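Worksheet: the structure to be examined is printed underneath.
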Amino acid sequence: MSRNRLTIAACLSLLVVAPSYAQQRQGGAPSTGKNIVMIVGDENGTVIPGTSISDVFIKNHLELDLGHKVIRIPHDTAPDKMLAFANAADLVIVVESVGSGTVGTKIISTPTPVLTSEAFLQDEFGLVNPKGKSLDPGLPDAGAFGTIENQTAITITNSGHPMSAGLKGRVQVYRFPREMNWGKETTPSAETIATLTDYPTAKVFYLVRKGAKLYDGTPAPGLRVQFFIENDNETGTANLMTPDGLKLWDAAVKYALTTDQPATRPAMPPLDPPPARGRGRGAAGGQAPPAATGR
C-alpha cells in the first residue's frame, strides 16, 4: 500500500475522530486515575507501535476523559519485562494493533485484570477452544473464534451486568460498518454481555472471573474481559464508536479496575529511555513508544 494512500486515509479518519472525541468530553476528567498498561502494536507493520489512529484515540480517552495514567508497552517487549509491567498495573489493555503471535503467552499468568480486543489471543488466554478453527475473517457458523466484517451493532444479552452500561437489546456501537471479534467455543465459565446480532452464539463482549475455569480446566489467574473492537488499519475503529459503544468501553474499564484486583502488587518497573529519533526509526522492542502525536 502506498504512503500517500495511508496518509490520505489517516487524515480523513482524524477529521472523523475530532468531532466525535469532542462530543465525548462532558464534565471533565475525574481525579481517580489508575495505572493502565496498554500493550500496543504496529498495525501489521504500517505504523510505529502505539501511534495508529485507534491507539491514539484510546490512550487520549483513557487519560483525558477518564483521568488515568497510560503506560504504553510495545508488543515485542521481552516476556519477563512485559509480565513485570502487567503485574504492577491496575489494568492491562491489549489493543488490536498488536500481533497475536508477538504477544503470545507473555502475560497469561498475570493476576492483574486484562481487557483485550485481540481476537487471536482468546486461545492463548484460555478463553476459547485452542484446537478450534480460527477465522480471519469468517462467519461463526464455520469456526470457534475470529473476526467478522461489516458490523455496526451488537445485542446486549445481560443488561443487568455493570458492563452493559444500562443498555439492552440491539445497540449500535459503530457509526460505520467495521469488523468485530467474536468467540463461540468459549470456556463454560464465560459470562456473556453481548453477542453478534445475527449469531446469538457468538460472543463479542464477555468475561471470565478470577478463579473461574479456563477452557483447559485451570483457574483464571485474574479477571479477563474480551471486547469486540477489531481495528481497521487505515481508518481506525475505536474512534468510530458511537456514544453507546464508548459507554460500553468505559463500563468495561471501570469494572476491570474495581473487580478481582490483587491484594498487593509490585512497583512499576522503570521505562527504558526512548530510542534515538531518526528517519525511519521506530520504537525498539521493550522500549516505550514515542509520545503519540495524533497522526
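Need pairs with beta-carbon distance below 6 Å; first residue within 16 Å of Asp272 (Cα to Cα) and within segment 59-88, second among the acidic types (Asp, Glu); sequence gap 6+ or separate chains.
Close Cβ pairs satisfying both conditions: Val70/Glu63.
Could you run through segment 144-180 and say how many residues are in contact (Cβ under 8 Å) with a residue 40 or more places away in the chain, in a strand (DSSP E or B) and not aromatic (Phe, Trp, Tyr)?
Of the residues in segment 144-180, 11 are in contact (Cβ under 8 Å) with a residue 40 or more places away in the chain, in a strand (DSSP E or B) and not aromatic (Phe, Trp, Tyr).
Mind checking whether some residue in segment 49-70 is over 24 Å from Leu246 (Cβ atoms), surrounded by fewer than 24 Cβ atoms within 10 Å (Cβ to Cβ) and out of contact with any helix residue (DSSP H, G or I) (no Cβ under 7 Å at 6 or more places or on another chain)?
Quick first cut of segment 49-70, residues over 24 Å from Leu246 (Cβ atoms) only: none.
No, segment 49-70 has no match at all.
Asp272 is checked against (1) in contact (Cβ under 8 Å) with a residue 24 or more places away in the chain; (2) in a loop (DSSP other than H, G, I, E, B); (3) over 20 Å from Lys34 (Cα atoms); (4) charged (D, E, K, R) and fails just one. What number does that condition carry?
(1)
Test each condition in (1) over 18 Å from Gly104 (Cα atoms); (2) not hydroxyl-bearing (Ser, Thr, Tyr); (3) not in a loop (DSSP other than H, G, I, E, B) for Ile73 and report the one that comes out false.
Going through the list (1) over 18 Å from Gly104 (Cα atoms); (2) not hydroxyl-bearing (Ser, Thr, Tyr); (3) not in a loop (DSSP other than H, G, I, E, B), Ile73 breaks only (1).
Just one of the numbered conditions (1) assigned to a loop (DSSP other than H, G, I, E, B); (2) without any contact (Cβ under 8 Å) to a residue 40 or more places away in the chain; (3) in contact with a strand residue (DSSP E or B) (Cβ under 7 Å, 6 or more places away or on another chain) is not true of Gly222; which one?
(2)
Which one of these does Ala142 not meet: (1) surrounded by 15 or more Cβ atoms within 10 Å (Cβ to Cβ); (2) more than 23 Å from Ala252 (Cβ to Cβ)?
Checking Ala142 against (1) surrounded by 15 or more Cβ atoms within 10 Å (Cβ to Cβ); (2) more than 23 Å from Ala252 (Cβ to Cβ), the one that fails is (1).
Taken together, the values in this text are just the output of simple stated rules run on the coordinates, not laboratory data. The model shown is predicted, which means the values in this text are computed figures rather than measured ones. Counting neighbours? That spans all protein chains shown, and the Cβs are built from the backbone with ideal geometry, glycine included.
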